[in-house]
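Novice: Provided herewith is a single structure, encoded as structure tokens, for subsequent inquiry.
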Amino acid sequence: MRKILVINGHPDKESFNTVIADKYIKTTLDLGAEVRYIHIGALNFNPNLQFGYRQRMELEPDLLKALEDIHWSDHQVWIHPIWWLGMPSIMKGFFDRAFLPGITFRSHKSQPTEGLLKGKTGRIITTAGDMSLEVYQDVYKSSGLVQLQQGILEYCGVTIIQHDFIGPLREFNARDYQEILDNVKAIAQADTNIMANYDNKFHPNKNTEKVIR
């Protein structure tokens, strides 16, 4: 069974992102997967890379454990809200501090950058409070997704198999939220190869993203 790491980038432990993470974790555990969990907001670390790459800051124990889990994983599930078209600042600070040269990537003078997380797969689940997928794609060119998927994870070698967009949440009722969690269960089953196909409200589009309306 694959080793799965779920990473929650929402700083509030009582957010709907946490509910999504819990549902995914419970489903994969019930299916016999090995699962670990990182709630970035609960980690104790300085999110400010105050010297850039000029001077290396000592990694706090929580960051060292998180990096151990990232390298341990076969499959990663990154969950976060879209705030100002990107990820929350604590999540960006996590990448600034932990995803460093020699740890998640290696630069070469005469060759392309080497991703040190090569061979791992990933899924990105984003929630939006008042924005539709169409606006995110057509008006803002999926800017936050480009940053996370291409600029960070794929740059470091992770192969993203799917982006799941959930929103706009402000238009959802209790039944919609339950359907979302049913769909989270389905994608967790798919990720563990228990179900090859599933029927849900995620609708593929030209950018291989999925959306719940």
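Novice: Quick one: how many residues across the range 84-105 are assigned to a strand (DSSP E or B) and closer than 28 Å to T28 by Cα?
Specialist: Residues in the range 84-105 being assigned to a strand (DSSP E or B) and closer than 28 Å to T28 by Cα: 1 in total.
Novice: Would you check if G52 is at positive phi and small (G, A, S)?
Specialist: Yes: the conditions hold for G52.
Novice: Of all residues in the range 3-25, which are in a helix (DSSP H, G or I) and basic (K, R)?
Specialist: K23
Novice: For T126, indicate whether it is touching a Phe, Trp or Tyr at 6+ places or on another chain (Cβ under 9 Å) and either surrounded by fewer than 18 Cβ atoms within 10 Å (Cβ to Cβ) or β-branched (V, I, T) (or both).
Specialist: The answer is yes for T126.
Novice: I need the full set of residues from the range 27-77 which are in contact (Cβ under 8 Å) with a residue 40 or more places away in the chain, hydroxyl-bearing (S, T, Y) and either touching a Lys or Arg at 6+ places or on another chain (Cβ under 8 Å) or open to solvent by 80 Å² or more (accessible area, probe 1.4 Å) (or both), in order please.
Specialist: T27, Y53, S73
Novice: Of the conditions (1) under 28 Å from K13 (Cβ atoms); (2) in contact with a Leu (Cβ under 9 Å, 6 or more places away or on another chain); (3) in a loop (DSSP other than H, G, I, E, B); (4) open to solvent by 10 Å² or more (accessible area, probe 1.4 Å), C156 clears all except one; give me its number.
Specialist: So the condition that C156 fails would be (4).
Novice: Return only the number of the condition from (1) more than 30 Å from R54 (Cβ to Cβ); (2) part of a loop (DSSP other than H, G, I, E, B); (3) not charged (D, E, K, R) that H108 does not satisfy.
Specialist: Here H108 clears every test but (1).
Novice: Let me ask something else about it. Which of the residues belonging to the range 26-55 are in contact with a helix residue (DSSP H, G or I) (Cβ under 8 Å, 6 or more places away or on another chain) and in a helix (DSSP H, G or I)? Give the derivation first.
Specialist: The initial filter retains those residues of the range 26-55 that are in contact with a helix residue (DSSP H, G or I) (Cβ under 8 Å, 6 or more places away or on another chain), namely 27-28, 31, 35-41, 43-49.
Matches in the range 26-55: T27, T28, I40, G41.
Novice: A further question follows. Restricting to the range 78-104, give me the number of residues that are free of Cβ contacts under 8 Å to residues at least 60 places away in the same chain, open to solvent by 20 Å² or more (accessible area, probe 1.4 Å) and either charged (D, E, K, R) or on the phi < 0 side of the Ramachandran plot (or both).
Specialist: Qualifying residue count, the range 78-104: 6.
Novice: List every residue pair whose Cβ atoms lie under 9 Å apart, where the two residues are 6 or more positions apart in sequence or sit on different chains, the first residue falls within the range 140-152 and is open to solvent by 40 Å² or more (accessible area, probe 1.4 Å), and the second residue, located anywhere, is part of a helix (DSSP H, G or I).
Specialist: What qualifies is S143/Y136; Q147/K92.
Novice: Please count how many residues of the range 27-71 are of a type in the set (D, E, K, R) and within 17 Å of the chain's Cα centre (by Cα).
Specialist: Count: 3.
Novice: So which residues in the range 32-56 are among the β-branched types (V, I, T) and touching an Asp or Glu at 6+ places or on another chain (Cβ under 9 Å)?
Specialist: I38 - this is the single residue of the range 32-56 that is among the β-branched types (V, I, T) and touching an Asp or Glu at 6+ places or on another chain (Cβ under 9 Å).
The values are calculated or read from the model by the stated rules, or taken from the named source; none is laboratory data. For clarity, every value in this text was computed on a predicted model and none was experimentally measured. Cβ sites come from the backbone with ideal geometry, for glycine too, and all protein chains shown count toward neighbours. In case anyone asks, the SASA skips ligands and DNA or RNA and just uses the protein heavy atoms, side chains included. Shrake-Rupley method; radii C 1.70, N 1.55, O 1.52, S 1.80 Å.
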